[in-house]
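S.K.: Structure provided below as C-alpha cells; questions to follow.
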Amino acid sequence: MVSPLILLPGDEIPSEYLPSTNSAPLRLGAGLRLLSQPSSNPSTPPSHVISATQSALLSTDTKRNAVSLLSTPNRRYIPTPGDLVIAQIHHSSPDYFHCMVTPQAPQAMLGQLSFEGATKKTRPMLKQGDLVYARVLSIGLGAGAEVELTCVNPATGRAEPGGLGPLTGGMVFDVSTGLAARLIKASSSSAEQQDGVAGLVVLDELGKKLEKAGGFEIAVGRNGKVWVDCANGGDSAIKATVAIGRCLSTIDEHELSPTDQRKLVTRILREMKIES
Amino acid sequence: MVGPTASLTPLSRADGSASYQCPSTGSNILGSVNAPIELPGRRDALRPEDATVEVFVKPGTAPGGVGERYVEGIIKNMLTKLILGREKGYARRGVVITLAIVGGESVGRGDSYLTLLPALLHTALLALLSASVPLSMTFSATVLAVDASGKITREPSPKEAATATSLHVFAFSSNGHLLLSESQGPFEFKTWENVHQRALAICHGTLARSSDGDVAMAEDVDGQPLEGALREVVEDKIHLDYAWKIDAP
C-alpha cells in the first residue's frame with residue numbers, strides 16, 4: 001500500500017502509483033489526461049505521461065485497472081448519464097413530467113410511460129410536488145440541452161435496480177453531493193466490514209437500533225437528496241425519520257470517525273426518546 | 001517573512017470559493033467561482049468550442065471603475081490560458097470568477113492595482129481549484145517594489161508602494177515558466193532582471209543545481225516558496241475532506 005497521493009493541476013502521476021500492468025488497458029477517470037512528450041531522439045517513440053487537471057486525491061482500482069481522481073466533494077450536482085437521483089415533479093405535460101433535480105438547474109424531463117409496466121391506460125398519476133427515484137438517461141449535447149430521466153431500464157422494461165419509481169410518504173433531507181456519493185457507495189457494496197464502507201457506519205447502526213421501531217426505508221440520490229420513510233414505525237415513525245435526518249446532516253457537517261458515528265446515533269436516539 | 005494564509009471553500013453556495021490574506025500587503029480577498037454555468041444570450045457564439053471566462057473584481061468600499069476593469073482584463077487573459085475550456089461539459093459554458101476585496105487598504109480611484117494583483121490571482125486560483133475547474137497547471141505570483149536606491153522590497157505595504165519608483169508583478173507557472181509580467185514606473189533592464197530573479201526565488205525557492213543537472217527547490221531568506229505554501233493549503237483541505245478514505249485501514 002503506497003501512501004495517498006494528492007495531485008494539483010499539471011502534476012504527473014508517478015508510475016509506481018499506477019496499477020501494475022496487465023493485459024487490460026488502463027482506464028482513466030475524469031480529471032486525468034494523457035499527454036505525450038516528444039522525445040529528443042526521433043527514432044524512439046514519444047513517451048506518455050498522465051497528468052491531473054484538478055486538485056484531487058488519486059484513487060486506483062487494481063481490479064478494473066483504473067485510476068481516477070476524487071475532487072472537492074461539495075460540488076453542485078451536474079447530471080451524468082446513469083446517476084440515480086431523487087427528483088420532484090414540477091408539472092406534467094401530455095408526454096412528460098417536468099421534474100426538478102436541483103433547484104438551480106433547468107427542469108429535467110421524465111416520460112409519462114417510462115415507469116415499470118406503464119401503458120397509456122395504467123400509468124402513475126403524479127401530482128405537483130410528488131417525488132420519484134429515477135435514473136439519468138441522457139443529458140443531451142451542448143448548452144441548454146434537456147436532461148432526460150427514466151424509471152425503467154429501457155432494455156428490459158424493468159425498474160432496475162429495484163426501487164425506481166414514485167416515492168410515497170417519507171421525507172427528503174438535503175445532504176452534500178459528496179456524502180450522497182459515499183452513501184451510495186456504502187449501500188451498493190455488500191461486503192461486511194467492521195468500519196463500514198467509505199467510512200460510514202451510520203446506516204448499519206441506525207438499522208440495528210431502529211429494528212424494534214419498525215425499521216426504515218432509504219433512497220439516496222446523487223443530487224444530494226436522501227429520502228427516508230419509516231412506514232412501519234407506528235407512533236414513533238415521525239420521530240425516527242427526523243432522527244435519521246439529524247444523524248445524516250450532522251455527519252455531513254462534521255467529519256466523524258466510525259466510533260463517533262456510533263456515539264452520535266446513540267445520543268440522538270436518546271435525545272429523541274426512541275427506544276432502541 | 002510571514003507567508004499568506006488561505007482557506008478553501010468558505011462559501012457553501014458557490015461552486016468553489018477561497019479566502020486569502022497576505023499579511024505584508026495587508027490585502028484580504030474573498031473569491032468565488034461558478035462553473036460550468038449556462039450563459040445568458042448568445043455570448044458563446046464567438047468561440048463555440050471553448051468556455052467563456054469572466055472575472056469581476058469588487059472593491060470593498062466604492063463601486064468598481066476603470067481600475068477594476070483593467071485588472072479584470074489582466075486576470076482574465078492569464079486565467080483563460082490556464083483553464084481547459086474544451087474539457088467535457090465546459091464548451092459554450094461560462095466560468096465566472098468574482099473577487100471581492102474585503103479587507104486591507106482599499107485602492108483609491110485611479111490608483112494602481114499592482115499591489116493587490118498577486119493576492120487576486122492566488123484567490124482566483126484557489127477558488128478555481130475548489131470548484132474543480134480543469135486547469136492545465138497552477139501558478140504563483142508576487143509583487144516587488146524597487147525604491148530610488150535600488151532596494152527590492154517583497155510584497156510592499158501600501159505606504160512602501162507609494163514611495164517606490166517602480167512596481168513589478170510576476171506570475172510563474174508550476175513548471176517555472178513566466179506567465180505574467182506587469183510593471184509600473186521607470187526602471188532599467190538590469191533592474192528588471194534582478195527583480196525577475198528575486199521573484200522566481202520567492203515563488204519557487206532558490207534554484208540549487210546539483211551535479212547531475214537536477215534542479216532542487218530549497219528554502220531561503222524568503223521563507224517557504226509561495227508555490228509550496230499554496231500547495232499545502234490545497235493538500236490540507238483535500239486531506240480533511242477525504243480523511244475517511246485516507247485514514248481507512
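S.K.: In whole percent, what relative contact order does segment B:5-247 give with Cα contacts below 8 Å and a gap of six or more residues?
M.R.: Relative contact order of segment B:5-247: 18 percent.
S.K.: Another question, then. Along each of its three principal axes, how wide is the spread of alpha-carbon positions in segment A:171-271, in whole angstrom units, largest first?
M.R.: The principal-axis extents, from largest down, are 33, 27, 26 Å.
S.K.: Rounded, prolate or oblate: which fits the protein assembly as shown, taking a ≥ b ≥ c as square roots of the Cα gyration tensor eigenvalues, rounded meaning a/c under 1.5, else prolate when a/b beats b/c?
M.R.: Prolate shape, in that a/c is at least 1.5 and a/b is the bigger ratio.
S.K.: Residues with amide H under 5 Å of B:Thr52's amide H, sequence separation 5 or more or different chain, H placed in the peptide plane at 1.01 Å from N; which?
M.R.: B:Arg92, B:Arg93, B:Gly94, B:Val95
S.K.: Given the options B:Ser32, B:Ser140, B:Ser24, state which has the largest fluctuation in a GNM of chain B using a 10 Å cut-off (strictly under) for Cα springs.
M.R.: Result: B:Ser24 has the largest fluctuation of those listed.
S.K.: Using a ≥ b ≥ c from the Cα gyration tensor of segment A:84-167 (square roots of the eigenvalues), is it rounded, prolate or oblate, where a/c under 1.5 gives rounded and otherwise the larger of a/b and b/c decides, a/b for prolate?
M.R.: Prolate is the answer for segment A:84-167, as a/c is 1.5 or above and a/b outweighs b/c.
S.K.: Taking the Cα centre as origin and putting +1 on Lys and Arg beta-carbons and -1 on Asp and Glu beta-carbons, what dipole magnitude results for chain A, to the nearest 20 debye?
M.R.: I would put it at about 380 debye.
S.K.: Now a separate question. Between A:Met171 and A:His91, 0.36 nm times their residue separation minus their Cα-Cα distance comes to what?
M.R.: Answer, rounded to one decimal: 26.8 nm.
S.K.: Next up: Taking the Cα centre of chain B as the origin and placing charges on Cβ (Lys, Arg +1; Asp, Glu -1), which of B:Leu144, B:Leu8, B:Leu200 is farthest toward the positive end of the dipole?
M.R.: So the residue furthest toward the plus end is B:Leu8.
S.K.: For a quick check, take a GNM of chain A with Cα springs below 10 Å and name the residue from A:Ala105, A:Ala56, A:Ala155 with the largest mean-square fluctuation.
M.R.: Looking only at A:Ala105, A:Ala56, A:Ala155, the largest GNM fluctuation is found for A:Ala155.
S.K.: Could you please rank A:Ile238, B:Ile202, B:Ile152, B:Ile75, placing first whichever residue has the fewest other Cβ atoms within 10 Å of its Cβ?
M.R.: Taking fewest neighbouring Cβ atoms as first place, the list is A:Ile238, B:Ile152, B:Ile75, B:Ile202.
S.K.: Could you list, in their original order, any pairs among A:Lys121/A:Lys209; A:Lys208/B:Lys237; A:Lys63/B:Lys237; B:Lys76/B:Lys159; A:Lys263/B:Lys88; A:Lys263/B:Lys237 whose Cα atoms are separated by more than 31 Å?
M.R.: In this structure, A:Lys121/A:Lys209; A:Lys208/B:Lys237; A:Lys263/B:Lys88 lie more than 31 Å apart at Cα.
S.K.: Quote the charge dipole size of segment A:171-271 about the Cα centre in Debye, to the nearest 20; the model charges only the Cβ of Lys and Arg (+1) and of Asp and Glu (-1).
M.R.: Using Cβ point charges on Lys, Arg, Asp and Glu, segment A:171-271 gives about 80 debye.
S.K.: Report, in debye and to the nearest 20, how large the dipole of segment B:12-77 comes out about its Cα centre when Lys and Arg carry +1 and Asp and Glu carry -1 on their Cβ.
M.R.: Result for segment B:12-77 is approximately 180 debye, rounded to the nearest 20.
S.K.: Only counting other Cβ atoms within 10 Å, I'd like A:Ser55, A:Ser36 sorted with the fewest neighbours first.
M.R.: Lowest to highest Cβ neighbour count: A:Ser36, A:Ser55.
S.K.: What FRET efficiency comes out for the pair B:Asn77/A:Ser23, r = Cβ-Cβ distance, R0 = 56 Å, nearest 0.05?
M.R.: 0.75
S.K.: Would you please give the FRET efficiency between B:Asn175 and B:Ser149, computed as 1/(1 + (r/R0)^6) with r the Cβ-Cβ distance and R0 = 30 Å, to the nearest 0.05?
M.R.: 0.30
S.K.: Same structure, new question: Run the reach check for B:Lys151 against aspartates and glutamates, Cα to Cα strictly under 12 Å, same-chain hits fewer than 8 apart removed. What comes back?
M.R.: Leaving aside aspartates and glutamates fewer than 8 places away in the same chain, those within reach of B:Lys151 are B:Glu160.
S.K.: Taking the Cα centre of the protein assembly as shown as the origin and placing charges on Cβ (Lys, Arg +1; Asp, Glu -1), which of A:Met272, A:Ala108, B:Val71 is farthest toward the positive end of the dipole?
M.R.: Of A:Met272, A:Ala108, B:Val71, it is A:Ala108.
S.K.: Nearest 0.05, what FRET efficiency do B:Ser136 and A:Arg158 give at R0 = 41 Å with Cβ-Cβ as r?
M.R.: 0.40
S.K.: How high is the relative contact order of chain A, given as a whole-number percent (alpha carbon pairs under 8 Å, six or more residues apart)?
M.R.: Normalised by residue count, the contact order of chain A is 14 percent.
S.K.: If you don't mind, there's one more thing I want to ask. Can you tell me, using C-alpha contacts under 8 Å and at least 6 residues apart, the relative contact order of segment A:1-87 as a whole percent?
M.R.: 34 percent.
Since every read-out is calculated from the coordinates, none of them should be taken as a lab result. Every value quoted in this text rests on a predicted model; they were computed, and no experiment measured them. Here Cβ is always computed from backbone atoms with ideal geometry, including for glycine, and neighbour counts include all displayed protein chains.
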